[in-house]
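The values are calculated or read from the model by the stated rules, or taken from the named source; none is laboratory data. Just so it is clear, the structure is predicted and the values come from calculations on it, not from any experiment. FYI the Cβ positions are ideal-geometry reconstructions off the backbone, even for glycines, and counts take in every protein chain you see. Protein only, heavy atoms only, side chains kept; ligands, DNA and RNA dropped before computing areas. Shrake-Rupley method; radii C 1.70, N 1.55, O 1.52, S 1.80 Å.
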Protein chains: 2
Amino acid sequence: MSSSASAPASATARRALPDAPFLLAARGERPSRLPVWFMRQAGRSLPEYRELRAGTAMLDACFDPEMLAEITLQPVRRHGVDAAILFSDIVVPLKAAGVDIDIVAGTGPVVASPVRDAAAVAALPELDAEQVVPVAEGVRLLVERLGETPLIGFAGAPFTLASYLIEGGPSRNHERTKALMHSEPEVWHALADKLADIALGFLRVQIAAGVDAIQLFDSWAGALSPRDYREFVLPHSAKVFAGVADSGVPRIHFGVGTGELLSDLRDAGPDVVGVDWRVPLDEAVRRLTATRPGSAPVVQGNLDPALLFGSWPVLEAEVRRIAEEGRAAAAHIFNLGHGVLPDTDPEVITRVVELVHSL
Amino acid sequence: MSSSASAPASATARRALPDAPFLLAARGERPSRLPVWFMRQAGRSLPEYRELRAGTAMLDACFDPEMLAEITLQPVRRHGVDAAILFSDIVVPLKAAGVDIDIVAGTGPVVASPVRDAAAVAALPELDAEQVVPVAEGVRLLVERLGETPLIGFAGAPFTLASYLIEGGPSRNHERTKALMHSEPEVWHALADKLADIALGFLRVQIAAGVDAIQLFDSWAGALSPRDYREFVLPHSAKVFAGVADSGVPRIHFGVGTGELLSDLRDAGPDVVGVDWRVPLDEAVRRLTATRPGSAPVVQGNLDPALLFGSWPVLEAEVRRIAEEGRAAAAHIFNLGHGVLPDTDPEVITRVVELVHSL
């Protein structure tokens, strides 16, 4: 990590938002209303997003301060959610650092030269904060424009970033990644450590520019056995969380299909653990406290995004059930168990926000 | 279901295989050696398969008795596994019944007219045993040629079949399927019931022709919350298992990412529960017995197929660990936690079989 990327996170433009329900809950308090936001709330479900993005490539949008700020604001205006999440992509810091990677519509991130040996790991560039200045500028615009709504920063976790680099693109089975872990653990750990530094550098830039919380996305961690997660992944995600601890902003950790990994995800050091829809929140709280009696966690989740396609009575009952089960936690931030699906009717999302706020 | 598809399963050509380790284990006994087979052992990992299939479409191969028999035999000859599994596909009975469905290379099953309302469900054809005569002929050829090796029959479970029909093809999120369940439960249950009859009819044909066991694949069940699984899926899978109970052949149930669903999968009525790699077998046994104290289950699994790409020392240690953890069960059938990946080196598979047999 360059010296500029590791600039003290205390030199920030961060707002004082003492009454923001999202931030209160993220710190383990019970705010006056149940806070709610949605992963991928900014994006293809919104017609105003599709209009604004028309003709602009995904990664170009992520490096355009005005566009990324506007996209980030759209769901806040429309839905009245309790937090904005920076419009970005987990590959943004890789692209910024000089990795030949692109996002192909309908496929996902595609890497020109997959990283599969020690030489490729050594050649992987570091991130200099100068390379993500447009993101920092976007954050500064958002801090000016968001009023009382907190802004969540965004980075991909080392395992999920590594899987894209090793497999060369999206992978269902992550076989080359797992093979590298087990066959050449030194190469794996060197790669994951570099990616932890890149994620950390990217988050510190966002924190310095004023984000109020951060979320580390380890989207594919659920593909790992708990044994592999603990040995090969947890130390590197822990480095990221520890590296932003001095900033004092709440830190959220999220992955899909992580029912078996919940306590390990917590051991990586976040303040909030995201839970997908496969495990009810009360059971998630039980797992998160099994090895830490008396230490109630803060949870985020866990509505199945597919249920936004169903009937309102069923959806309403699910929202109420989740809010009820979330009472087992120290605090609960309502969210989906994964991102908003592109074909979701945005009016349903607005209605869910209203319902959550009425509970 | 037609009368011929529901012909008594007792009128079979089934062999007496009293010493087959796979069948002994499937019935809860501890055979002289740990039995092992691999999901997708017949298929693209084998050069002899790629040679034989060259120029033949997947579904054509599934309806060619000589070809499906030869493909089924290939891994038995090469690896010395303890069971053959019928080369087929979960959409075979749908195709046979007249559904306009095809398997597109690189994509998977694609349905011409997705089934999304009551009229489409009503129009879904039933399966007549006459329509799968080539599969029955293939089974008869295999019974003649397999010697002492048992043959496992094959069908897709109602939920996984329904997802393909409703979504129109492979789906990551199954959103239309979940929406139909919740918004129009009567339509969902009518569809799942028809698919249970189709799966049941297909299995009874295979049993009548001589298969020694059956496996019901609910590949995508892990996408469901336990609540949804119990309400919308379990009764229909249970109908399939109950419908072949009179045959006396062991029944295996399998899905991926089903750590939260293991006891529910067992409640559907199989004799053996497959476990993917995310849950260690001893923990799986604990979950499978949590609501049935004293009733030790038979488990199948649970090597991560990605580990076949790693180094031999790591793979050997994993195989030994899994065999050890499997001792918590009444009996254990060694297998992968999902299917063999296409790029797997078949020599590694042979070596795993030798190792398992040496334990």
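The table for this structure:
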item	result
Residues being within 19 Å of B:Met67 (Cα to Cα) and either among the basic types (Lys, Arg) or open to solvent by 30 Å² or more (accessible area, probe 1.4 Å) (or both) - total across segment B:131-169	9
Breaking point among (1) out of contact with any helix residue (DSSP H, G or I) (no Cβ under 6 Å at 6 or more places or on another chain); (2) part of a strand (DSSP E or B), for B:His253	(1)
Pairs with Cβ under 6 Å, 6+ apart, first in segment A:91-108 and among the small types (Gly, Ala, Ser), second open to solvent by less than 10 Å² (accessible area, probe 1.4 Å) and modelled with pLDDT of 95 or more	A:Ala96/A:Val132; A:Ala97/A:Leu127
Residue check, A:Leu355 farther than 20 Å from A:Ala25 by Cα and either open to solvent by less than 20 Å² (accessible area, probe 1.4 Å) or in a loop (DSSP other than H, G, I, E, B) (or both)	no
Criterion violated by B:Ala330 - all others in (1) within 18 Å of B:Val81 (Cβ to Cβ); (2) in contact with a helix residue (DSSP H, G or I) (Cβ under 9 Å, 6 or more places away or on another chain) satisfied	(1)
Residue list for segment B:277-304, restricted to those being of a type in the set (Ser, Thr, Tyr) and either in a strand (DSSP E or B) or exposed (fewer than 14 other Cβ atoms within 10 Å of the Cβ) (or both)	B:Thr291, B:Ser295
Selection within segment B:259-283 - β-branched (Val, Ile, Thr) and away from chain A (no Cβ under 14 Å)	B:Val272, B:Val273
Test for B:Val285: is it over 22 Å from B:Ile322 (Cα atoms) and β-branched (Val, Ile, Thr)	no
Within segment A:318-338, tally of residues that are touching a Pro at 6+ places or on another chain (Cβ under 9 Å) and under 15 Å from B:Ser225 (Cβ atoms)	6
Total residues in segment B:224-258, condition open to solvent by 10 Å² or more (accessible area, probe 1.4 Å) and either at positive phi or within 14 Å of another protein chain (Cβ to nearest Cβ) (or both)	8
Listing of helices (runs of 4 or more DSSP H) fully contained in segment B:5-121 that carry 3 or more residues being surrounded by fewer than 20 Cβ atoms within 10 Å (Cβ to Cβ)	B:47-53, B:58-62, B:65-79
Condition broken by B:Asp271, with the remaining ones in (1) in contact with a strand residue (DSSP E or B) (Cβ under 6 Å, 6 or more places away or on another chain); (2) at pLDDT below 95 satisfied	(2)
Condition check for A:Phe217: open to solvent by 10 Å² or more (accessible area, probe 1.4 Å), more than 14 Å from every other protein chain (Cβ to nearest Cβ) and in contact (Cβ under 8 Å) with a residue 24 or more places away in the chain	yes
Evaluation of B:Ala208 against (1) within 14 Å of chain A (Cβ to nearest Cβ); (2) buried (at least 22 other Cβ atoms within 10 Å of the Cβ) (one fails), failing number	(1)
Every residue from segment B:122-131 that is in contact with a helix residue (DSSP H, G or I) (Cβ under 7 Å, 6 or more places away or on another chain) and either under 15 Å from B:Ala57 (Cα atoms) or part of a loop (DSSP other than H, G, I, E, B) (or both)	B:Leu124, B:Pro125, B:Glu126, B:Leu127
In segment A:284-304, residue farthest from A:Gly28 (Cα to Cα) [restricted to those that are within 14 Å of chain B (Cβ to nearest Cβ) and of a type in the set (A, V, I, L, M, F, W, C)]	A:Leu303
Within segment A:170-199, tally of residues that are away from chain B (no Cβ under 14 Å) and either in contact with a strand residue (DSSP E or B) (Cβ under 7 Å, 6 or more places away or on another chain) or open to solvent by less than 10 Å² (accessible area, probe 1.4 Å) (or both)	6
Subset of segment A:305-344 [open to solvent by 40 Å² or more (accessible area, probe 1.4 Å) and away from every other protein chain (no Cβ under 11 Å)]	A:Glu316, A:Arg320, A:Glu324, A:Arg327, A:Ala328
Test: residue in segment A:149-158 that is away from every other protein chain (no Cβ under 14 Å), over 30 Å from A:Ala223 (Cα atoms) and at pLDDT 95 or above	yes
